[in-house]
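One structure is given below, encoded as structure tokens.
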Amino acid sequence: MDKKRTPFTGDNAPSPGAPDTGSGGPPGESDTPESTAHKGGTVSIYDIATAAGVNPSTVSRALNNRDRIGAATRTRILRIAEELGYQPSVIARSLATSRTNTIGVVAPSLTDPFVGMIVDSIEEHAGAHDYRVIFSTSRRDPDRELTIATNFQRHRVDAVIIVATHQRSTYELFERTLSVPVVLVGQEDPAGGIAVVAVDDTAMIDAAARHLVELGHTRFAFIGVQDRPFSSGRRLEAFERGVTNRLPGGTVRSILPDGDSDLTRGTNALPTVLDAGLTAVQCYNDMVAFGLVGAAIREGVAIPGDLSVVGCDDLEIAASLPHPLTTVRQPRGEMGRQAVELVLERLDGKAPRTTVLPGELIIRATTGPA
């Protein structure tokens with residue numbers, strides 16, 4: 001059916017600066033996202049205007065929470081809109097605001113339980129702010145990571161969140177390549193040009209080193225991963241400092257085992273640990289620790305009597321294993337929430353900033369006296 005509009009005449013025009021009480025403005029004047037015609041069951045602002053006896057421009061001001069409209073009129077229009085089941089058109093809103101209310105998220109793998117919880121948190125908190133999220137996985141390939149972010153921009157996302165980036169010169173590449181705001185989760189930007197959510201790796205790994213030294217251990221290992229050299233190297237350095245600052249002359253054996261998964265890498269590291277007579281191990285993450293502990297138990301190595309093991313992340317399963325894992329907890333849910341907050345700040349024109357969250361040592365059953 002034809003769209004019905006309340007006629008506009010000079011008699012119902014509001015005086016300059018006066019609150020709009022239901023009329024005024026040329027017919028059709030509106031920047032409110034408009035739904036399709038009502039004949040298919042979808043409600044438009046013109047249907048609301050007809051039901052309320054006001055102009056579409058008045059409906060627009062009410063729905064967009066704008067000035068120059070009386071409180072009673074606004075309340076009445078919002079009530080009618082809700083009663084009619086009005087839903088704004090996402091496409092029309094995008095055209096009106098030059099935004100799509102979409103955030104692109106690049107993650108190394110959605111099967112990684114650590115990354116998965118961060119992404120779940122991002123989606124939850126983005127939805128609370130009326131943003132939808134689209135995902136793609138980089139498979140830990142730096143070139144693919146940048147390609148995905150660029151493609152997101154071509155599809156008019158408002159911002160890009162990159163979880164656990166594998167770029168070594170991230171800030172330079174993303175600043176040069178992308179024009180939309182970028183937020184990194186899990187890696188700091190040394191130049192300060194990109195918004196970042198990071199966890200204080202140094203402090204949380206240092207807490208694990210202190211724990212192991214206080215238990216009387218003197219022969220240590222750090223099991224790292226070859227495909228994440230930046231974060232793996234940073235945690236190794238933190239663990240070495242934590243040990244040597246408390247135990248003069250103490251050394252840490254760095255082990256980089258082969259394997260097609262973190263679990264396999266932990267398993268493959270056990271012979272090196274045993275051959276070197278090491279008694280305390282900090283693992284790059286919980287999955288590496290699970291592999292190491294499982295292999296040790298199969299070989300008859302007592303955990304923690306013969307070998308103390310610390311993970312990193314505190315995955316949900318860590319507390320439920322036959323040998324609950326001592327680990328350092330990263331606040332994954334809060335990391336996702338803060339990433340969304342930084343996106344909203346950047347979209348509001350605020351400068352990029354870094355949010356550093358604390359980790360926490362969780363002592364369970366895989367560490368004990370030397």
With respect to residue 253, determine if the residue is at pLDDT 95 or above, among the basic types (Lys, Arg) and under 26 Å from residue 216 (Cα atoms). yes
Residue 116 versus (1) surrounded by fewer than 15 Cβ atoms within 10 Å (Cβ to Cβ); (2) without any contact (Cβ under 8 Å) to a residue 12 or more places away in the chain; (3) under 23 Å from residue 260 (Cα atoms): which is the lone unmet condition? (1)
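From the set of residues in the stretch 61-75 that are in a helix (DSSP H, G or I) and in contact with a helix residue (DSSP H, G or I) (Cβ under 6 Å, 6 or more places away or on another chain), which is nearest to residue 43 (Cα to Cα)?
Step one: of the stretch 61-75, the residues in a helix (DSSP H, G or I) are 61-63, 71-75.
Imposing the further condition that a residue be in contact with a helix residue (DSSP H, G or I) (Cβ under 6 Å, 6 or more places away or on another chain) reduces the set to 62, 74.
Working: 62: 16, 74: 18 Å.
Restricting to residues being in a helix (DSSP H, G or I) and in contact with a helix residue (DSSP H, G or I) (Cβ under 6 Å, 6 or more places away or on another chain), the top hit is 62.
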Regarding the stretch 282-297, can at least one residue be identified that is at pLDDT 95 or above, part of a helix (DSSP H, G or I), buried (at least 24 other Cβ atoms within 10 Å of the Cβ) and not hydrophobic (A, V, I, L, M, F, W, C)? yes
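Among the residues of the stretch 248-273, which ones are touching a helix residue (DSSP H, G or I) at 6+ places or on another chain (Cβ under 7 Å), in a loop (DSSP other than H, G, I, E, B) and either surrounded by fewer than 18 Cβ atoms within 10 Å (Cβ to Cβ) or small (Gly, Ala, Ser) (or both)? Reasoning before the result, please.
Here is the first cut: in the stretch 248-273, the ones touching a helix residue (DSSP H, G or I) at 6+ places or on another chain (Cβ under 7 Å) are 250, 252, 254-255, 257-259, 262-267, 269-270.
Next cut, in a loop (DSSP other than H, G, I, E, B) only: 250, 257-259.
Within the stretch 248-273, 250, 258, 259 meet the criteria.
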Residue check, residue 211 crowded, with 16+ Cβ neighbours inside 10 Å, part of a loop (DSSP other than H, G, I, E, B) and touching a residue at least 12 places away in the same chain (Cβ under 8 Å): no
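Applying the selection to the stretch 311-370, what residues are assigned to a strand (DSSP E or B) and buried (at least 22 other Cβ atoms within 10 Å of the Cβ)?
Narrowing the stretch 311-370 to residues assigned to a strand (DSSP E or B): 311-313, 326-329, 354-357, 360-362.
Matches in the stretch 311-370: 311, 312, 313, 326, 327, 328.
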Is at least one residue of the stretch 298-305 farther than 22 Å from residue 115 by Cα, out of contact with any Leu (no Cβ under 7 Å at 6 or more places or on another chain) and of a type in the set (A, V, I, L, M)? yes
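Which residue, of 134, 118, 122, 148, is out of contact with any Leu (no Cβ under 7 Å at 6 or more places or on another chain), hydrophobic (A, V, I, L, M, F, W, C), more than 13 Å from residue 336 (Cβ to Cβ) and in a helix (DSSP H, G or I)? Reasoning before the result, please.
On the way: 134 fails: in a helix (DSSP H, G or I); 118 fails: more than 13 Å from residue 336 (Cβ to Cβ); 122 fails: more than 13 Å from residue 336 (Cβ to Cβ).
Among 134, 118, 122, 148, only 148 is out of contact with any Leu (no Cβ under 7 Å at 6 or more places or on another chain), hydrophobic (A, V, I, L, M, F, W, C), more than 13 Å from residue 336 (Cβ to Cβ) and in a helix (DSSP H, G or I).
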Could you tell me how many of the residues in the stretch 126-152 are of a type outside the set (Asp, Glu) and within 14 Å of residue 347 (Cβ to Cβ)? 3
Modelled with pLDDT under 95 and in a helix (DSSP H, G or I) - does that describe any residue in the stretch 193-201? yes
For the stretch 300-311, check the following and say yes or no: at least one residue is within 21 Å of residue 196 (Cβ to Cβ), touching a helix residue (DSSP H, G or I) at 6+ places or on another chain (Cβ under 6 Å) and in contact (Cβ under 8 Å) with a residue 12 or more places away in the chain. no
So, in the stretch 214-240, of the ones that are under 25 Å from the mean Cα position of the chain (by Cα), part of a helix (DSSP H, G or I) and not hydrophobic (A, V, I, L, M, F, W, C), which residue ends up farthest from residue 291 (Cα to Cα)? 234
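The values are calculated or read from the model by the stated rules, or taken from the named source; none is laboratory data. Not measured: the values here are computed from a predicted model. Quick reminder, even Gly has a Cβ in these numbers, built from the backbone with ideal geometry, and neighbours come from all protein chains shown.
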